[in-house]
Amino acid sequence: MRQLYDTTKELSGNRRKPERPVKSKEGEAITNIEEQRNRCIEYFKELLNRPAPMNPLNIEAAPTDLPIDVCPPTIDEISMAIRQVKSDKTTGPDNIPAVALKADVAVIVKILHILFNKIWDEEQVPTTGKKDT
């Protein structure tokens, strides 16, 4: 299918979108390049340098006390996350394949729970086993 697409594209040649001319305020097409530039400059000055509205909208501030769960991850959450990892994906920066994580979920969950709680309590990722980047 890809070969058909490539062949069709090659045979049809390079097609560019037709250029749309810049129009003056009166709606007439401008053909001179310098006049087109000047019209663009004028247009954007008008667009971006508008005066502030006379009656600004009254926008309320967003609430800051959102119900966010700030507890360390539970064993169930870690177990669910491991089960949701797709087995056929390549490894991440840790070089641990998903198949290895799923080999014995119960053991891996306990190890990761201890690690995550340590990170949570110390508020720092341990440098042991971490690759320098």
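The values are calculated or read from the model by the stated rules, or taken from the named source; none is laboratory data. Just so it is clear, the model here is predicted, and its values are computed rather than measured. So basically every Cβ, Gly included, is an ideal-geometry build from the backbone, and we count neighbours across all protein chains shown.
Can you tell me which residue in the range 62-86 is nearest to I119 (Cα to Cα), limited to those that are of a type in the set (S, T, N, Q) and surrounded by 10 or more Cβ atoms within 10 Å (Cβ to Cβ)? Looking at the filtered set, the residue picked out is T74.
Among the residues of the range 57-93, those that are within 23 Å of W120 (Cβ to Cβ), over 25 Å from the mean Cα position of the chain (by Cα) and of a type in the set (V, I, T) comprise T74, I75. Restricting attention to the range 64-98, the residues that are closer than 14 Å to I111 by Cα and at pLDDT below 80 add up to 0. Against the condition free of Cβ contacts under 8 Å to residues at least 40 places away in the same chain and either in the same structural domain as L112 (by TED's automatic domain parsing) or of a type in the set (G, A, S) (or both), how does I68 come out, does it pass? No, not satisfied.
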